[in-house]
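Accompanying notes for the structure given below.
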Amino acid sequence: MHQCHAILVSAPASGQGKTLITAALARAWRNCGLRVQAFKCGPDFLDPMILEVATGRPVYNLDFTMCGEIDGEAQLYRAALQSDLIIVEGVMGLYDGTPSSADIAARFNLPVLLTIDASGMAQTFGALAAGLLAHYPQLKAAGVLANKVGSTGHAQLLKNSLPTHLGWFGALQKDENLSLPERHLGLFRASEIGDLEDKIEAAAKAIEAELPLPPSVDFKVPALKNQPKLLANKTIAIARDAAFCFIYQANLDCLTDMGASLKFFSPLHDQCLPEADAYWLPGGYPELHLSEIGANVAMKNSLQTAFEANKPILAECGGMMALSDSIDNQPTFGLLAGKSQIHGKLQGLGSLKAKLPQGELGTHTFHYGSFTTELPPIATADTRFGKVENIYQHGSIIASFLHFYFASNPKAAAYFFLS
């Protein structure tokens, strides 16, 4: 066992301000000189980008389907060894989803801090907090933080409404300058929010005066596994820029654990691929950069050369759409026969298991795009709604709307990068 201060931040529902509150808490404790490691429940890419700015450290995900409970246990233990405090941002409301934030908190014995939008609320605040935290007896309650309060007096009224066993973690007054902008896939990327650092720091300053340390938690030593060096002496080049940005830090760790050397490149701005044994185009927002993609003929030619040389290329979600013939009828890199389209309604959502010849691989899907092609799928992942997400192979390219979590099955992940 190893002890570390820890807390999971949740709320009664989505839209309560969890991400900014979690970032503010993390920054406030970091400003006190603590080494803070952040996690995000579920498979989200965007919230972790905000939390990385707050903590100055890469952020990891906790999800039973995509990542697995064993991976979560290992990630938390490693974080406990390297940190003074672990903060986990929940997903949706406290009991929403499978697994819910409450399930994850109970599984890893994480104390729960509720953040509640208190606008239009007085003494009901305490009843709501007490009821939510008592609903699941296995939960360890830490306390409550009030968001969007009207005044100092309002905050005191809310604090006084809490039962004595619930701690008070402060209040953040209603301020439009502390909201975070959103688009169809969720929050904007951290690098797109020009005043994000100021927002986080201002919110941290507003709550630090009354902020206690969360309880200490015992983190269990995980069963050690010898990671085979399946990618020894291999160099993998990874697309990373404004259009291709959905990359789990855990995936990078897994690749290096398997012996790979990593390089990064920009399909938007670079004129050619770096020399490598394999390439990975992750998801992101290629639909917002179609003019740059269409104009970068040199990159298109370089990708074609790598394809003709039979270099393995993994293309996930936006990466797949960028390799198709077009997105919304605008030309893209054109290595995959088929057309991509962005729709007004969500086309895929959920943590899934991909069924590959090398075994099951944890994945998730969240996209508004479609890909119309005559390519036959080589594998699928079943969704909860009776649909499937296809995995395609065209020569050395493996492509899908799925985002893969490599550590859930390193052997299957290594296959993507081996010719």
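The values are calculated or read from the model by the stated rules, or taken from the named source; none is laboratory data. This structure is a prediction, so every number in the text was calculated from the model and none was measured. Note: ideal-geometry Cβ built from the backbone for every residue, glycine included; neighbour counts use all protein chains shown.
Which one is surrounded by the most Cβ atoms within 10 Å (Cβ to Cβ), of the residues in segment 348-366 that are under 25 Å from Ser326 (Cβ atoms) and modelled with pLDDT under 90?
Gly348
Does Pro286 satisfy being at pLDDT 95 or above and under 24 Å from Tyr368 (Cα atoms)?
Working: at pLDDT 95 or above: yes; under 24 Å from Tyr368 (Cα atoms): yes.
Spelling it out, Pro286 is indeed at pLDDT 95 or above and under 24 Å from Tyr368 (Cα atoms).
Is one or more of the residues making up segment 148-170 in contact with a Ser or Thr (Cβ under 8 Å, 6 or more places away or on another chain), among the hydrophobic types (A, V, I, L, M, F, W, C) and in the same structural domain as Lys205 (by TED's automatic domain parsing)?
Our first condition is that a residue be in contact with a Ser or Thr (Cβ under 8 Å, 6 or more places away or on another chain); within segment 148-170, this holds for 148-150, 161.
Filter again for among the hydrophobic types (A, V, I, L, M, F, W, C), leaving 149.
Cutting the leftovers down to in the same structural domain as Lys205 (by TED's automatic domain parsing) gives us 149.
Checked against the condition, which is being in contact with a Ser or Thr (Cβ under 8 Å, 6 or more places away or on another chain), among the hydrophobic types (A, V, I, L, M, F, W, C) and in the same structural domain as Lys205 (by TED's automatic domain parsing), segment 148-170 yields at least one hit.
What strands (runs of 3 or more DSSP E), lying completely within segment 310-402, carry at least 2 residues that are farther than 24 Å from Ala237 by Cα?
Where strands (runs of 3 or more DSSP E) fall fully within segment 310-402 and carry at least 2 residues being farther than 24 Å from Ala237 by Cα, they are 336-342, 348-356, 359-367, 369-372, 377-382, 388-394.
Could you grab me the full set of residues in segment 165-182 that are at pLDDT 75 or above and part of a loop (DSSP other than H, G, I, E, B)? So that I can check it myself, show each step before the final result.
Going through segment 165-182, the residues at pLDDT 75 or above turn out to be 165-175, 180.
His165, Leu166, Lys174, Asp175, Leu180, listed by residue number.
In segment 258-309, which residue that is among the polar types (S, T, N, Q) and in a loop (DSSP other than H, G, I, E, B) is nearest to Tyr415 (Cα to Cα)?
Filtering first and then ranking leaves Ser266.
Out of segment 106-142, which residues are closer than 23 Å to Ala80 by Cβ and without any contact (Cβ under 8 Å) to a residue 60 or more places away in the chain?
Correct list: Ala106, Arg107, Gln138, Leu139, Ala141.
Can you pull out the residues in segment 183-221 that are among the charged types (D, E, K, R), in contact with a strand residue (DSSP E or B) (Cβ under 7 Å, 6 or more places away or on another chain), closer than 30 Å to Glu73 by Cβ and modelled with pLDDT under 95?
Residue satisfying the conditions is Arg189 alone.
Report, by residue number, each residue of segment 31-52 that is surrounded by fewer than 19 Cβ atoms within 10 Å (Cβ to Cβ) and at negative phi. Explain how you work it out, then say what you get.
As a first pass, look at segment 31-52 and keep what is surrounded by fewer than 19 Cβ atoms within 10 Å (Cβ to Cβ): 31-35, 52.
Asn31, Cys32, Leu34, Arg35, Glu52 - these are the residues of segment 31-52 that are surrounded by fewer than 19 Cβ atoms within 10 Å (Cβ to Cβ) and at negative phi.
Pro222 is checked against (1) without any contact (Cβ under 8 Å) to a residue 24 or more places away in the chain; (2) outside any helix (DSSP H, G or I) and fails just one. What number does that condition carry?
Pro222 satisfies all of (1) without any contact (Cβ under 8 Å) to a residue 24 or more places away in the chain; (2) outside any helix (DSSP H, G or I) except (1).
Let me confirm something: among Asp277, Asp253, Asp241, which residue is modelled with pLDDT of 95 or more, touching a helix residue (DSSP H, G or I) at 6+ places or on another chain (Cβ under 8 Å) and either not hydroxyl-bearing (Ser, Thr, Tyr) or not assigned by TED's automatic domain parsing to the domain that holds Val297 (or both)?
Asp253
Would a scan of segment 139-146 turn up a residue that is assigned by TED's automatic domain parsing to the domain that holds Asp44 and at pLDDT below 95?
no
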